[in-house]
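Please read the structure below before turning to the comments.
The values are calculated or read from the model by the stated rules, or taken from the named source; none is laboratory data. Please read all numbers here as calculations on a predicted model, not as lab measurements. Cβ coordinates were reconstructed from backbone atoms using ideal geometry, including for glycine residues, and neighbour counts include every protein chain displayed. Accessible surface areas use protein heavy atoms only, side chains included; no ligands, DNA or RNA. Shrake-Rupley method; radii C 1.70, N 1.55, O 1.52, S 1.80 Å.
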Amino acid sequence: LMRSRAKAVNFGIVYGIGAFSLAKDIGVTRKEADQYIKGYLAHYAGVQRYMDRVVKQAKEQGYVSTLFGRRRYLPELTASNANLRAFGERVARNMPIQGTAADFFFIIKIAMVKVDERLRRENLRARLIMQVHDELIVEAPEKEAQRAARILNEEMEGACKMRVRLKADVHQAKPGMTQRGEAW
């Protein structure tokens, strides 16, 4: 119950949920929901600063963007209708977060291509056989296992250059099993 409420508060706040809607979503009184919101924003003061900054910037630029530069234009922010403007502000707060999360799926696709190309370029029998969420599964003969693991690690970590270095953990299964790279 606590986890469920925490998720509703965490995601709801960034989307601009009010006490009335939060109360309805998690089955508490409006007063309790208001306390959850105020407590969260007091504890995580950076969240409020982020939300204020991103809305202000969206109003100035007319759009918001993801970490990788995809834009969402927000003409709603200049609407005369208050409800439409409020919608635009909620989108401005939420889109960079949700959109950037979607961008990360592009990174795993880039890593897939790079791993596959490198395994082939180095004439290995090891092959990329599957992607599961942020993991790449490589099947390799035992004698190529260490080399395949190194390639998997290097290509996953090098798939995208960012200010914060991507980190991949590579695990090796029993001989004849698979290499598994878990990303970031």
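If one takes the longest principal axis of the Cα atoms in the chain, at what angle in degrees, from 0 to 90 and to the nearest 10, does the Cα axis of helix 82-121 lie?
0
Give me the percent relative contact order of the chain, please, defined on Cα pairs under 8 angstrom at least 6 residues apart. Each step should come with its number before you reach the end.
Details: 240 pairs, mean separation 24.4, N = 184.
Reported relative contact order: 13 percent.
Could you tell me the accessible area of Ser80 in Å² (1.4 Å probe, neighbours in place), rounded to the nearest ten?
120
Any idea of the accessible area per residue across the chain, 1.4 Å probe, to the nearest Å²? Can you show the working numbers first?
On the way: 11710 Å² over 184 residues.
Computed with neighbouring chains in place, this is 64 Å² per residue.
Return the subset of Lys143/Lys174; Lys109/Lys143; Lys143/Lys167; Lys114/Lys161; Lys7/Lys56 for which the Cα-Cα distance in this structure is over 21 Å, preserving the input order. Please report the intermediate quantities before stating the final value.
Details: Lys143/Lys174 12 Å; Lys109/Lys143 27 Å; Lys143/Lys167 25 Å; Lys114/Lys161 14 Å; Lys7/Lys56 26 Å.
From Lys143/Lys174; Lys109/Lys143; Lys143/Lys167; Lys114/Lys161; Lys7/Lys56, over 21 Å: Lys109/Lys143; Lys143/Lys167; Lys7/Lys56.
To the nearest 10 degrees, how steep is helix 45-61 against the longest Cα principal axis of the chain, on a 0 to 90 scale?
80
So how far apart, in nm, are the two label points at Arg121 and Arg165 if each is 7 Å from Cα heading toward Cβ?
Taking the simple label geometry, Arg121 and Arg165 are separated by 2.1 nm.
Could you work out what % of the accessible surface of segment 1-134 is carbon and sulfur, using a 1.4 angstrom probe and leaving DNA, RNA and ligands out of the count? Show your work: numbers first, answer last.
Numbers: 4810 of 8680 Å².
Reported share for carbon and sulfur atoms: 55 percent.
Can you give the local net charge around Val14? Use residues other than it whose beta-carbon is closer than 11 angstrom to its beta-carbon, Lys and Arg +1, Asp and Glu -1.
Numbers: positive: Arg90, Arg93; negative: none.
Value of the local net charge: +2.
Roughly how many nanometres apart are two label points built 7 Å out from the Cα toward the Cβ at Arg53 and Phe11?
2.5
Using 7 Å Cα-to-Cβ label points, what is the Lys174/Arg3 separation (nm, one decimal)?
Between Lys174 and Arg3, the label points sit 3.0 nm apart.
May I ask you to derive the FRET efficiency for Arg150 and Val113 from their Cβ-Cβ distance with R0 = 25 Å, giving the value to the nearest 0.05?
The value I calculate is 0.90.
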